1. Give the residue, chosen from F126, F115, that is over 30 Å from A185 (Cβ atoms) and among the hydrophobic types (A, V, I, L, M, F, W, C).
2. Return the pairs, sorted by first residue and then second, in which the second residue is in a helix (DSSP H, G or I) and modelled with pLDDT of 80 or more, the first residue lies in the range 116-138 and is under 16 Å from A68 (Cβ atoms) and of a type in the set (F, W, Y), the beta carbons are less than 9 Å apart, and the residues are 6+ apart or on different chains.
3. Do you know which residues across the range 39-60 are open to solvent by 70 Å² or more (accessible area, probe 1.4 Å) and charged (D, E, K, R)?
4. Which one of the conditions (1) in contact with a His (Cβ under 9 Å, 6 or more places away or on another chain); (2) closer than 30 Å to S29 by Cβ does S80 fail to meet, given that it meets all the rest?
5. Is it true that some residue in the range 39-50 is of a type in the set (F, W, Y) and closer than 30 Å to E129 by Cα?
6. Of all residues in the range 22-38 being of a type outside the set (S, T, N, Q) and open to solvent by 70 Å² or more (accessible area, probe 1.4 Å), which is nearest to S80 (Cα to Cα)?
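The values are calculated or read from the model by the stated rules, or taken from the named source; none is laboratory data. What you are looking at is a predicted structure, and each value in this text was computed from that prediction instead of being measured. Glycine also receives a Cβ, built like all others from the backbone with ideal geometry; neighbour counts cover every protein chain displayed. Ligands, DNA and RNA are stripped out before the accessible areas are found, and what is left, the full protein with its side chains, is counted by its heavy atoms. Shrake-Rupley method; radii C 1.70, N 1.55, O 1.52, S 1.80 Å.
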Amino acid sequence: MANPNPDGRAALLSELVAYVLDHGLSNLSLRALALGLRTSQPVLIYHFESKGQLIVELLAEIRRRKYAEAQRAPRKDALSTYWNWAISAEGRRYLSLTYELYGLALHDPEGFAGFLAAEVRDVLAFIDEGYRRYTIPEPDARLLATYTYLVLRGLELQLLSTDDTARVDTAFHMLEADLNRRAEALASKEPPP
């Protein structure tokens, strides 16, 4: 098979993301996808080789987009930049899709080709990067990143489940203050209060 046109492939990937944000992944079929994108199944296969590879690349693009703005922010602002995006209308669409993916991947790990491991790896790397400003030694930095990740996921689920933005946003800022205190304490090797 000839190498697909990278520009056409990138445009198609962008359309795929928009499609799954609107329709979800639960009942995704190549036929429905091709119809929704006004293309054909052979074109999808030409660009992505298989439905499995299409899903792998789609998931990678979704992860990239979720953290893109925060990765451009100064390290000290990365987590709050991510959160401000997450509570936006666009961010909620991505979060909703992410949690749909969690459910699907837990049910069918082979069909979602390492999504869970990649998601955790990428999020922890993003959070670790933010903590590097404190020069926290390992394994403390990884433990703090794990704590941050777990509480952040809980806040995201609360946001999506209740739509109580004010309460959940206040809780995020409490978390952020707690994390800064803990990070400063770990950097100076003092026990957190």
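1. Going through F126, F115 in turn, just one is over 30 Å from A185 (Cβ atoms) and among the hydrophobic types (A, V, I, L, M, F, W, C): F115.
2. From the range 116-138, the pairs are F126/Y67; F126/A70; F126/Q71; F126/A78; F126/L79; F126/Y82; F126/A145.
3. E49, K51
4. (2)
5. Checked the range 39-50: no residue is of a type in the set (F, W, Y) and closer than 30 Å to E129 by Cα.
6. D22
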